[in-house]
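What follows is one structure encoded as structure tokens, with my remarks underneath.
Readers should treat all values here as calculations from the given coordinates under stated rules, not as data from a laboratory. Owing to the predicted nature of the structure, the values given are computational and were not obtained by experimental measurement. So basically every Cβ, Gly included, is an ideal-geometry build from the backbone, and we count neighbours across all protein chains shown.
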Amino acid sequence: MNPKDLAPFLDLANHHANATFADIENICDKVKKYGFNAVFVNQCFVPFAKKIMGPEGKVGTVVSFPLGQDSPEIKIAAAKAAAINGADELDISLNVGLIKEGQWDESLAEMQNIVREVKAVDQKKIVKFILETGYLTDDEIKKTSVLILQSGADFVKTNSGMGPRGVIVKDVELIKEATEGKIKIKVAGGVDTFAEAMALINAGASRIGTSRAVEIITS
């Protein structure tokens, strides 16, 4: 694979607190120019980005990001609102505290409720749950990945890019092993070069979230 062939695997993101409408228009233009999979923006920009991208372009957003510790009711409402407002893909931060406490039933129920509400808006909406692997042991990564698969979500996402570390190849290997390759994997956090991206894809990732998508395919 050469760098330009990598474009469909990449989501170009801007989740900065100081993002402006001009910034969002700029990354939308880059997604269309280079053929990236989707533009990822904060929820307030979803309708704006959707208008720029048009009916064929994909817009993603984040929910309860990056902490994941909103109440379940707020997370469900936010995910549903994002779907209604036009988000095609939703990356949703899990409550890592529930995972660390071993509250597996509670974590799974939260995920199932979110998936149900989003898919009720449109079955084609893509739901991803973010593990934040830097906080988790290997066993916790594997156990939670299985729960994400059981929830009906479309992807396991490794990191928010705002946690204690970014993705490493071992994260992908653990998720793939635990789920027997039955769910797609998105990686994020510190993926800045073509070589890093390819190492993760070769390990089993099928999507990469990054703010440096242009640099990855042009450097």
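In table form, for the structure just shown:
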quantity	calculated
Förster-model FRET efficiency, 30 Å R0, ASP29 and ASP192, C-beta, rounded to 0.05	0.90
About the Cα centre, charge dipole magnitude for the chain (Lys/Arg +1, Asp/Glu -1 at Cβ), debye	560 debye
Entries in LYS125/LYS184; LYS51/LYS128; LYS33/LYS58; LYS32/LYS58 that, when Cα-Cα distance is taken, lie over 18 Å	LYS51/LYS128
Fraction in percent of alpha-carbon pairs per bin - 5 Å, region 83-161	3, 16, 30, 24, 16, 8, 3, 0
Packing rank of 189-200, 78-89, where each peptide gets the mean count of other beta carbons within 10 Å, highest leading	78-89, 189-200
For region 159-219 versus region 1-38, the gap between their alpha-carbon centres in whole angstrom	16 Å
Cα lying deepest toward the dipole's positive end in region 3-218, options ALA178, PRO55, THR158, charges on Cβ	PRO55
For ASP171, net neighbour charge (Lys/Arg +1, Asp/Glu -1) across residues whose Cβ lies under 15 Å away	+3
Cut-off 12 Å between beta-carbons: net charge of the residues surrounding SER64, Lys and Arg +1, Asp and Glu -1	-4
Helix-only [θ]222 nm of the chain, DSSP H runs n ≥ 4, -39500 (n - 2.57) each, per residue, nearest 500	-13500 deg cm²/dmol
Entries of LYS143/LYS176; LYS119/LYS170; LYS4/LYS182 with Cα pairs more than 21 Å apart	LYS119/LYS170; LYS4/LYS182
Peptides ranked, highest mean first, by Cβ atoms within 10 Å: ranges 179-185, 97-103, 108-114	108-114, 179-185, 97-103
Label selected from (1) 1.09; (2) 1.03; (3) 0.94, the criterion being Rg/Rh (Cα atoms, Kirkwood Rh) as computed here	(3)
